[in-house]
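S.K.: Here's a structure for you.
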Number of protein chains: 2
Amino acid sequence: MKEPTAVEMLREHLEAGNAEAARAIFASAHPAAVAEALSGLGTEEMWAALRHAPLPVRAEIFSHIDHGTQVALAESITRGELAAVLAEMPPDDRVDMLKRMPEEKREAILPALAQAEREDIRRLSSYPEGTAGAVMTSDYAVLTPGLTAQEAIGRLRLEAPDKETIYYSYVVDSDRRLQGLVSLRDLILARPEARVEDIMHKDVISVRAEDDQEEAAGKIQKYGLIALPVVSSDGALVGIVTYDDALDVMAQEQTEDMEKIMAIGGAHEAKAYLRTPAWSHFKNRVVWLVVLALIGFVSGFIVQSYESILLQFAILASFMPMLADTGGNAGSQSATLVIRALALKEVSVRDALRVLFKELQVSFAMGLVLAGIAFGRALLFSRGTTLPDGYLPAQVGIAVAIALWAQVVTSTVLGALMPLGVSRLKLDPAVVASPALTTLVDITGLLIFFATAKAMLAL
Amino acid sequence: MKEPTAVEMLREHLEAGNAEAARAIFASAHPAAVAEALSGLGTEEMWAALRHAPLPVRAEIFSHIDHGTQVALAESITRGELAAVLAEMPPDDRVDMLKRMPEEKREAILPALAQAEREDIRRLSSYPEGTAGAVMTSDYAVLTPGLTAQEAIGRLRLEAPDKETIYYSYVVDSDRRLQGLVSLRDLILARPEARVEDIMHKDVISVRAEDDQEEAAGKIQKYGLIALPVVSSDGALVGIVTYDDALDVMAQEQTEDMEKIMAIGGAHEAKAYLRTPAWSHFKNRVVWLVVLALIGFVSGFIVQSYESILLQFAILASFMPMLADTGGNAGSQSATLVIRALALKEVSVRDALRVLFKELQVSFAMGLVLAGIAFGRALLFSRGTTLPDGYLPAQVGIAVAIALWAQVVTSTVLGALMPLGVSRLKLDPAVVASPALTTLVDITGLLIFFATAKAMLAL
């Protein structure tokens, strides 16, 4: 039993115009699977197919369609049809979609919705992107402290169809301030006449609406929660973030972190590589390439200023690429480890000395191995070149080995400490992008290299 | 209401020897929060604290302690105490911990467990690391098709304390083959006398035990599931993977992908940066550094073979670092985008031509911008160097600009196509590590550079 094969049948039924059979599949298959099955269709065929589904199912499938198609679909159907779907969609998905619609279309559809829905949309869309408030939903179950377990279950039974989850209910006072959490499991296990206030958990883990969405996802992961309540600054319950939102947030943040580390700019939309126009890709990528190329000029000036050494010891030029790459690689490794350790909260700025000590040990050892290899290369492959009178290949080898060792140590330590420094400044450590680091250690590496060569070869 | 402050009080109560107050907190605070609060203590103090908690709570807290401390704790308590905790721990956490214990300790503790638990441990630990089988748990709720909704709820009420979740129950036949899924919400909404077989969902989304854990996490995310059933090759239900496991899998895979992209080898354990000995860090990191340095020799040989050009046009050497870095950066950008798009399943190998077309457009444009900058630099800063008679800085500038443009295009395209090629070979695209790519495009870049210089400067 793998992916529901029923979904493959759905397309066949639709093609054959077999509405009855299609309806049966709409009733049984997972809305996400149906949305995927429909994803190849044009907006008109897609809507023709969706009309076979009863409205609540249609809205559920709609909320699983990717944002680009949602907007296209929304613009191709009537205002009444769209309003009916919007009224049934989960509030967080509804707001996500409306935010992506052109403003005049959005303004045009709002009057077709009921007052309560308009108010809900206004409230949910008031939180800035990236906050817990922007990913929360307003369809959560609420109980009052005085209900019995049996009454609470009865209440949930009535509300279940409209709620994102009924597995966690939140207990609030008359000011909507969060008093406790009771799970459906607690209610089922309790004596029917037990009061909610006696079985609820009072130490409720929550986030503020203005907290970062990563903070919310992190708590959901750490405590294994199905939903996390979101409270306003005065402690009132305003929404919940569910575990499936946390999974989406994690996937999105992961992409953004990786892109930041690779020096790709711009805001990120999930699943958008092929749909993003080449022009946006260009804009997101060219800025850093140019900035880094300009910084790279410094390397060029260093090489230019040591031209006379290169003219005497042309073999030194052949070590420049390896020196630069090895420094960049060693620095990227340590930077990645520290950025990741910071993200997982396993190290903090206070651990800087421990990190420094560890990276010094590691880089001393790695530097020795690489220095040995560079020395061997200098001895073995220097026959083709001519050295000035009185110089031996071993002397060049020693100079290169010392420079490479120093380059590995400084690059590794820089790679480890820069994310900590950036984090100290309350910035995202991932801005210590690997390309930026590579460009930086090129500069330090060339300075080390030529200074060492000058000193060792007594120039 | 932020992180439970009760946890801060726990440490105070423990220090003051106030066992009664500590017990109250053990009863109300989240086990993960308690585990965190205890994490600074030595194993003896930690165990002294845990003994105040009733056994089921103690086992829950124990399963939230990090693996290193778990093993240290397990070795410092008596066999009887450990066996009691193990018997109460969630089966998946129990196996995770036992796998990390030294073999002789593990063999010593097993006989102290009941037959059923030993059997469960043996079965769960038989799946290779990284599979769905290795992250699943065996504490899931099962129902038979003929039960009524009311009977099913009664059954779940009895079983709830021992199950990882009672929100999804799986319906199996007499051979334990998976027939359907029924949620607690379905049961609560159904008429009490409705039969499970009539309300269950028959199109159950599942994974095989030998499938990759990422596959399981991906389905949980895509379909927003609380739990995903795991079946054996003959279709029998063998376990479930829960949404919180999916969150952990995603975090772990994210770290591994990033480390792979940065060419860091070795198996990864979560939250281990500071605990991993410097020696292991050295081993995981030095191998790739050495391999890449050896490949980097090729760059050296290329430079060596064009020594005569460098002796005439020393200014060319000053463009080498920028050429190499820009190629590496452009290639890493496109590789990161494609690796991520493959991981999120938004592109597949079949899209290679679309990817190629997009990257060609982007790289042509980026190459033009960078070529312009390089040309400008050649004109502006070539005064310090001497060119052979009859050559103008503009000629050098044109050669450098053409070479840089070609380097940006080839690096970007290589960066985008290599992950697709690797994926075609059924390997993980993330092995197209950024350092490996950087080293490779160094080689292509130098070849392009010197060939262009030779042709343009008619050498």
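The values are calculated or read from the model by the stated rules, or taken from the named source; none is laboratory data. Quick caveat: nothing in here was measured; it's all calculated off a predicted structure. In this analysis, Cβ positions are derived from the backbone assuming ideal geometry, glycine residues included, and neighbour counts consider all displayed protein chains. SASA here: full protein model, heavy atoms, side chains in, ligands and nucleic acids out. Shrake-Rupley method; radii C 1.70, N 1.55, O 1.52, S 1.80 Å.
S.K.: Helix B:352-380 versus the longest principal axis of chain B: what angle, 0 to 90°, nearest 10, using Cα atoms?
M.R.: That works out to roughly 50 degrees.
S.K.: Applying 1/(1 + (r/R0)^6) with R0 = 35 Å to the Cβ-Cβ distance of B:D162 and A:A27, what FRET efficiency is obtained, to the nearest 0.05?
M.R.: 0.55
S.K.: How far apart are the A:S305 label points across copies, placing each 7 Å from Cα toward Cβ, in nm, shortest first?
M.R.: Distances to the matching label points in the other copies: 3.4 nm.
S.K.: Applying a 10 Å radius around every beta-carbon, put B:80-87, A:174-181 in order of their mean neighbour count, most first.
M.R.: Highest mean packing first, the order is B:80-87, A:174-181.
S.K.: Based on the Cβ-Cβ distance from B:R122 to B:D248, what FRET efficiency comes out when R0 is 30 Å, to the nearest 0.05?
M.R.: 0.85
S.K.: Residue-wise, which Karplus ³J(HN,Hα) couplings in Hz belong to segment B:110-124, taking 6.51 cos²θ - 1.76 cosθ + 1.60, θ = phi - 60°, and x for glycine or proline?
M.R.: Values, residue by residue: 3, x, 6, 9, 5, 3, 4, 5, 4, 5, 4, 4, 4, 5, 5 Hz.
S.K.: Counting pairs of alpha carbon atoms under 8 Å apart in space and at least six apart in sequence, what relative contact order in percent does chain A give?
M.R.: 11
S.K.: Give me the distance in nm between label points sitting 7 Å out from Cα along the Cα-to-Cβ direction at B:K99 and A:D66, one decimal.
M.R.: That separation, rounded to one decimal, is 3.4 nm.
S.K.: Out of the DSSP beta bridges found with both residues in segment A:123-226, what percent are antiparallel (nearest 5)?
M.R.: 65
S.K.: What does the buried accessible surface come to for B and A, summed over both chains, with the probe at 1.4 Å? Round to 100 Å².
M.R.: So the buried area, both faces added, is about 12000 Å².
S.K.: To continue, here is another question. Given charges of +1 on the Cβ of Lys and Arg and -1 on the Cβ of Asp and Glu, with all other atoms neutral, how large is the dipole of segment A:305-459 about its Cα centre, in debye to the nearest 20?
M.R.: Taking the Cα centre of segment A:305-459 as origin, the dipole is about 400 debye.
S.K.: So, one more: Residue by residue through B:220-232, how many Cβ atoms from other chains fall within 10 Å of the Cβ on average?
M.R.: The shielding value for this peptide is 4.
S.K.: Another question about this same structure. When the helix-only estimate is applied to chain A (DSSP H runs of n ≥ 4, each -39,500 (n - 2.57), divided by the residue count), what is the mean residue ellipticity at 222 nm, nearest 500 deg cm²/dmol?
M.R.: Helix contribution divided over all residues of chain A: -20000 deg cm²/dmol.
S.K.: Here is a further query. Helix A:149-159: angle to the longest alpha-carbon principal axis of chain A, degrees 0 to 90, nearest 10?
M.R.: Orientation of helix A:149-159: about 90 degrees from the principal axis.
S.K.: Still on this structure, I have one more. If we hang a label 7 Å off Cα along the beta carbon direction at B:E107, how far is it from the matching labels on the other copies, in nm, shortest first?
M.R.: Nearest to farthest, the other copies are at 7.8 nm.
S.K.: Moving on to the next point. By how many degrees, 0 to 90 and rounded to 10, does the Cα axis of helix A:213-223 deviate from the longest principal axis of chain A?
M.R.: Approximately 80 degrees, to the nearest 10.
S.K.: Taking the mean number of other Cβ atoms within 10 Å as a proxy for protection, how do you rank A:328-334, B:200-206 from highest to lowest?
M.R.: Most protected by this proxy first, the peptides run A:328-334, B:200-206.
S.K.: Here is a further query. Given R₀ = 25 Å, what would the calculated FRET efficiency be for A:D198 paired with B:A16, taking r from the Cβ atoms and rounding to 0.05?
M.R.: My answer for the efficiency is 0.30.
S.K.: Sticking with this one: Starting from a label point 7 Å past Cα on the Cβ side, list the distances from A:L392 to the same position in the other copies, nm, shortest first.
M.R.: Taking the point 7 Å beyond Cα along Cα→Cβ, the inter-copy spacings are 5.1 nm.
S.K.: As an exercise, identify the chymotrypsin sites (Phe, Trp or Tyr not before Pro) in segment A:373-459 lying in DSSP coil whose Cβ has no more than 15 other Cβ atoms within 10 Å.
M.R.: The qualifying sites are A:Y391.
S.K.: Report, in whole Å, the centroid distance computed from the Cα atoms of segment A:160-217 and segment B:210-250.
M.R.: 26
S.K.: Moving on to the next point. Please compute, for peptide A:167-177, the average count of beta-carbon atoms on other protein chains lying within 10 Å of each residue's beta-carbon.
M.R.: Counting Cβ atoms of other protein chains within 10 Å of each residue's Cβ and averaging gives 1.
S.K.: Just flag the trypsin sites (Lys or Arg not before Pro) in segment A:381-458 sitting in loop per DSSP whose Cβ has no more than 15 other Cβ atoms within 10 Å.
M.R.: A:R383, A:K426
S.K.: How large, in percent, is the carbon and sulfur part of the accessible surface of the protein assembly as shown at a probe radius of 1.4 Å?
M.R.: 57
S.K.: Determine the shielding of peptide B:301-309 by partner chains: average, over its residues, the number of Cβ atoms on other chains within 10 angstrom of each Cβ.
M.R.: 4
S.K.: If one computes the Cα centroid of segment A:386-443 and of segment A:320-377, what distance in Å separates the two points?
M.R.: The distance from the Cα centre of segment A:386-443 to that of segment A:320-377 comes to 9 Å.
S.K.: In addition: Which value in nm describes the separation of the simple spin-label points at A:L294 and A:R106, placed 7 Å from the Cα toward the beta carbon?
M.R.: About 3.4 nm separates the two model spin labels.
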